[in-house]
Amino acid sequence: MEILRVENLTKVYGKGENEVRALDGVSFSVEKGDFVAIVGPSGSGKSTLLHTLGGVDRPTSGKVFVNGQDVYAGSDTQLAIFRRREVGLIYQFYNLIPVLNVRENMTLPVLLDGRKVNEQRLDELLSVLELKGREKHLPNQLSGGQQQRVSIGRALMNSPSIVLADEPTGNLDSKNSQEIVNLLKMFNREYDQTLIVITHDESIALQAKRIIAIEDGRITRDEKLS
Amino acid sequence: MNIMNRVTWQTMKKNRVRTVVTIIGIILSTAMFTAVTTIIASLLGYFREAEIYESGDYHIHAYAMDGWAAEEAAEDPRVEKVSVLLNIGYAPVESVNPDKPYVCVCAANDVFFESMPVRLTAGRLPLTDNEVILPVHLQSNGGVGAEMGEIVTYHLGSRVGVGELEGASFSQDGAYQYQNEQLEGDTEKQFAVVGFYERPDFEPYWAPGYTVLTKLNSGFSANEKYDCYFRFNNAKKDMLQFVKETRLQEYHYEEHTGLLTFEGYSRYDNITSVMNNFAAILFALIFIGSIALIYSAFSISVSERTKQFGLLSSTGATRRQIKSSVMTEALSLSAIGIPLGIAAGIGGIAVTLFFLRKTFMGFIAGANIPMHLSVNLPGILIAAATAFVTVIVSAWIPSRRAMRISPIEAIRQSRDVKAKGKSASCSRLFTRLFGAEGVLARKYYSRSRKKYVATIISLAMSVVLFVAASGFCMYMTRSVNSVDNRSNFDVTFPNIDSAKYERMRTEIDTLVDDLTAYIVKAGNDTGSYVYIAPENETQEYHDYINMVHEDGNAVYFNANANVVYMDDAAFRRLIAENGLDESDYFGGDKAIVINHTSIPVYTETTRENYVFDFLKKGVSSILISKPYDVPEGLYDEANWSGDGYGDGELTVYFIDSNAEYEYDEHYRPIGAITQPLEFEELKIGALINDVPTGMMRGEWINIIYPMSAYTGESKLVNMYFCSENTEKAIDGVKKIMTAEGIAVSDRSYYDVTEDDRMMNNIVTVIKVFSYGFIALISLISIANVFNTVTTNVALRRRDYAMLRSMGMTKKGMNRMTNYECLIYGSRSLLIGLPIAIGVTYLIHLAANDAAHMRFELPWTAIVIAVLSVFTVVFVSMLYSTGKLKNDNPIDALKDENI
């Protein structure tokens, strides 16, 4: 089942001589349960791609469909609701809210949606992410790996259609990195969670099911791994 | 420029708004410090001038110094100048004042005429010892007239005691001793009158002679005794030493405490210390406000720069270099802010004083003493130093905090969010009401409380100051206006000969409004009594009497009467106004009675006005007491002879004030001489409600006859009038009176409006300064709030971006910020309002000593305060979040150098 389709996506920054084409006619589609790694040198446009997929950065032209729905067709509010329900974002620098504790950070997307927290899911996530007993800790009381696990929990809390991760291990040592990747793989396997991960770590990319390589805003390689 | 300073400058430039706000904060604080010292210096200067105007420019007054001692003291280098007065002698004059039978002729040196309050009303100062100026009260009080240019002949002698006081001698300082003193010596001397001057302050009220001044032409003579008024170059330093070293100690001397006080002489520092305490309190308030502002500005700048410091120190910058970077910032901000602040402070006070100059001139009747701007250099230096210290302290503390953490911690920017303290849990209802955004706002507030403290304290402080100062102004204005039974005239000239008044009347009438004059009927010491039969009195009056006089006994009477004979023209006006029949009064024997009154009654806590009529409508005759003779040495009181009010007959008790009486239960002296009070009929032509000009309502009944019906002996009238411009009217009337041969001075009339004006002036001045102060403190607070709110929001740029990327809508963002505003506002009001109300209550207690008033909150001020608090917070919030809303969340997330 196709969960994401990208058509002719273009993003241009600046004007005239300063014009930079971060994305230049990118098209592809992703099936539900896929685990895609987007690779490329820095400045190739992979972060821009991820952000346009996540509904946080409007493309200059082209379309993004998630579950058959045109993401950028609606108003800002509809876009915000889309982000809230359909997308889970994981950042390199975790970006947790410093005044909220683990539990509160993780449940934030649910609360923002005005829904009740699914305690069972939260409990499950906490134990899978090995955060049990740390629910009341504030971000500055956690290690980097733990903080990243909280942000993964936050991204997954809403059972979004896709989870987008931007260099999720970029700020971690190799041991912690592998742990995070294992977690992501586990979620992909056990929950059939669609994952799109940006990385320039070849060893991580090779653990994905599919690799899309980008250079100068264009897809240069799209290969399925077995 | 070294690299550290460049980093500092760049940072300041980058955070332009915050830098500007900080500089404004420094300007405001310095301006306020400066303003406080300047206004105090100016006020002291003004009081000093006023004191000199009223009682002369000297530090010590030595009485009757021997000539040689006076000469020695006068030549002392520590003495700046000496005003010398030589008492030439007393001469008897035909004074109507039995306590002041002489003129006292004194010779004064040039310094005296310059430095002492000798104010000419006409003519010029004496140039030789054959010329004199006379004080105006010689005529107005003593009734001894003299023309300008007239040659007066005095038989001069000195006052010596006789009989019991044999051997004593007296000066102006000793009151008249009647039969126990006489004048010794009889030197005839003639003087030309060249001028008149106001009653001098240096003549005691009890002095037996009117001070006549001539010129002292010779130097000190060993045989004479001189009154010397010394002024020192430096009283603070030299005065006590001077008194010890010279022979001053052997004479009676007095220090001029008033002037010494205002010149800051330490022994008389009660007023200056009051002023200094006042200044200290103001300084403390400004200090707190400024510290809060500047400190928070710096602590924000430092916490923002923590990462920068970390980077710098990881690349090898020493602690000293970092500290100096912070100090560079502090110094450069001070270098701009402090001079501007001093200029603004002095300028502000100069402008204020310029606009208030007329108000100040009215403070001392007749004296046009301008309020000068005095800049007190040490005060300014203290102000500048205080401001500078504030800045340095504010800069130093947070930078120290930043340096305590390791560079890596600094780079990581784990900020001071604390989990301890109260739990930040939110109830389900709360979550229902305010949503996730509300919960977030609340957690931001409760878990990083430290960042909001400055905002909340500044807001709370402004609320306290604003409400308290408004309350202060409100109570002050009230107590000024609460004087009851305000007179219904503007000016009165008492005790004018009735014949002269008749001649002047028409002319005066053209100058003034509502001209009226009365002869007050000379009754007995306690006046006349009216007997109102029970069937004639109103219930309200009866109740009032029972309420006021606890035993229900209307004590002496049942009403005091004030019987006056009113100027015929004014009486005719009264008749016309009330539509009465002239023939009842002119030629008839009826009186107009003012039947309506209003009396304020005070209890411990309340003040109520009792308003009632004395007599029932239609009452046409009551009884009034006949005058009786009071035996010499006794005084009289009236009371009922029976068991209580209305019982028996009204009786006069003649009481000897030296004797001790026992009193019965109706407070009647047992054993006093008594005599029945006789009454005659008082025919009432009309009962009216309004009081004519010059009369007052009270517990007494006013009874008015036309003046032509007057048959008594006393022929003095009291004149009253109203006027739009009292000063002009008084001048005109004075001229007419002078032409009629009546000597007038500032003490021969009473201008009611002068008091009102003066009170209003004081109120205006206090209002201007209080509100000015509030305005500045509020500005500091606004800058403070703006600064903390914008920075707090800017610091959370990433969080905002994060929340948006996670799907928070714009509406949700607004909800969150609005809720944060609500928290700020309500917290600061929660702290500020109770304190403000408490302070207002204290002010009420203080004001209550002067006039009874119910405690009332300054509601308008409270409403304004509440609205302003929310406005300031919302505007700051709107400004700072507005900047973020157009942010691309991705850019914000990427931006690490917020």
If you check B:Tyr710, B:Tyr720, which single one turns out to be modelled with pLDDT of 85 or more, more than 30 Å from B:Met547 (Cα to Cα) and over 31 Å from the mean Cα position of the chain (by Cα)?
B:Tyr710
So, B:Thr817, is that one without any contact (Cβ under 8 Å) to a residue 60 or more places away in the chain and in contact with a Ser or Thr (Cβ under 8 Å, 6 or more places away or on another chain) or not?
no
Of these, A:Pro109, A:Pro98, which one is at the interface with another protein chain (Cβ under 9 Å from one of its Cβ atoms), assigned to a loop (DSSP other than H, G, I, E, B), farther than 17 Å from A:Val197 by Cα and modelled with pLDDT under 90?
A:Pro98
Among the candidates A:Lys136, A:Lys185, A:Lys175, residue that is part of a helix (DSSP H, G or I) and over 28 Å from A:Asn67 (Cβ atoms)
A:Lys175
Can you go through A:Tyr91, A:Tyr72 and tell me which one is within 26 Å of B:Gly812 (Cβ to Cβ), in contact (Cβ under 8 Å) with a residue 12 or more places away in the chain, crowded, with 20+ Cβ neighbours inside 10 Å and not acidic (Asp, Glu)?
A:Tyr91
Scan of the stretch A:189-226 for residues that are surrounded by 20 or more Cβ atoms within 10 Å (Cβ to Cβ) and assigned to a helix (DSSP H, G or I), ordered by number
A:Ile204, A:Ala205
At pLDDT 85 or above, in the same structural domain as B:Val464 (by TED's automatic domain parsing) and farther than 30 Å from A:Ser159 by Cα: is that true of B:Gly838 in this structure?
yes
Tell me whether the stretch A:75-84 contains one or more residues that are buried (at least 21 other Cβ atoms within 10 Å of the Cβ) and either β-branched (Val, Ile, Thr) or more than 12 Å from chain B (Cβ to nearest Cβ) (or both).
no
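Report yes if B:Val467 is more than 14 Å from every other protein chain (Cβ to nearest Cβ) and either surrounded by 22 or more Cβ atoms within 10 Å (Cβ to Cβ) or modelled with pLDDT of 80 or more (or both), otherwise no.
Numbers: more than 14 Å from every other protein chain (Cβ to nearest Cβ): yes; either surrounded by 22 or more Cβ atoms within 10 Å (Cβ to Cβ) or modelled with pLDDT of 80 or more (or both): yes.
Criteria met by B:Val467.
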Can you find a residue in the stretch A:55-64 that is within 8 Å of chain B (Cβ to nearest Cβ) and either at pLDDT below 90 or in a loop (DSSP other than H, G, I, E, B) (or both)?
yes
Any idea which residue in the stretch A:112-128 is nearest to the other protein chains (Cβ to nearest Cβ), counting only those that are more than 15 Å from A:Ile152 (Cα to Cα) and aliphatic (A, V, I, L, M)?
A:Leu112
Please tell me if B:Thr22 is over 30 Å from B:Asn376 (Cβ atoms) and crowded, with 21+ Cβ neighbours inside 10 Å.
no
So B:Tyr771 fits all but one of (1) closer than 24 Å to B:Phe870 by Cβ; (2) surrounded by 19 or more Cβ atoms within 10 Å (Cβ to Cβ); (3) out of contact with any Ser or Thr (no Cβ under 8 Å at 6 or more places or on another chain); what number is the exception?
(2)
Those residues that are within 16 Å of B:Gly56 (Cα to Cα) and of a type in the set (A, V, I, L, M), I need them from the stretch B:241-259; list them, please.
B:Leu259
Restricting attention to the stretch B:133-151, which residues are within 19 Å of B:Ala91 (Cβ to Cβ) and either more than 39 Å from the chain's Cα centre (by Cα) or not assigned by TED's automatic domain parsing to the domain that holds B:Gln190 (or both)?
B:Ala146, B:Glu147, B:Glu150, B:Ile151
Among the residues of the stretch B:497-534, write down those that are of a type in the set (Asp, Glu) and either modelled with pLDDT under 80 or over 21 Å from B:Asn702 (Cα atoms) (or both).
B:Asp497, B:Glu502, B:Glu507, B:Asp509, B:Asp513, B:Asp525
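Do we have any residue at all in the stretch A:79-92 that's at positive phi, touching a Lys or Arg at 6+ places or on another chain (Cβ under 8 Å) and not hydrophobic (A, V, I, L, M, F, W, C)? Even if it seems obvious, please write down each step before you answer.
To start, the set of residues in the stretch A:79-92 that are at positive phi comprises none.
Scanning the stretch A:79-92, I find no residue that is at positive phi, touching a Lys or Arg at 6+ places or on another chain (Cβ under 8 Å) and not hydrophobic (A, V, I, L, M, F, W, C), so the answer is no.
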Scan the stretch B:1-60 residue by residue and report those that are part of a helix (DSSP H, G or I) and of a type in the set (D, E, K, R).
B:Arg6, B:Lys13, B:Lys14, B:Arg16, B:Arg18, B:Arg48, B:Glu49, B:Glu51, B:Glu54
Selection from the stretch B:787-814 of residues that are touching a residue at least 12 places away in the same chain (Cβ under 8 Å) and not in a helix (DSSP H, G or I):
B:Arg796, B:Met808
Somewhere in the stretch B:190-204, is a residue touching a Phe, Trp or Tyr at 6+ places or on another chain (Cβ under 9 Å), of a type in the set (Asp, Glu) and part of a loop (DSSP other than H, G, I, E, B)?
yes
With the condition kept exactly as written, say whether any residue in the stretch B:187-201 is more than 19 Å from B:Leu127 (Cα to Cα), surrounded by fewer than 14 Cβ atoms within 10 Å (Cβ to Cβ) and touching a Leu at 6+ places or on another chain (Cβ under 6 Å).
yes
With the condition kept exactly as written, say whether any residue in the stretch B:427-435 is at pLDDT below 70, in a loop (DSSP other than H, G, I, E, B) and more than 10 Å from chain A (Cβ to nearest Cβ).
yes
If you scan the stretch B:791-818, which residues turn out to be closer than 12 Å to B:Phe874 by Cα, surrounded by fewer than 21 Cβ atoms within 10 Å (Cβ to Cβ) and away from chain A (no Cβ under 14 Å)?
B:Asn818
Failed item, numbered, when A:Leu131 is tested on (1) in a loop (DSSP other than H, G, I, E, B); (2) surrounded by fewer than 18 Cβ atoms within 10 Å (Cβ to Cβ); (3) away from chain B (no Cβ under 14 Å):
(2)
Residue in the stretch B:95-117 that is out of contact with any Gly (no Cβ under 6 Å at 6 or more places or on another chain) and under 23 Å from B:Met737 (Cα atoms) present:
no
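The values are calculated or read from the model by the stated rules, or taken from the named source; none is laboratory data. As the structure is a computational prediction, the values presented were derived from the model and not from experiment. Note: ideal-geometry Cβ built from the backbone for every residue, glycine included; neighbour counts use all protein chains shown.
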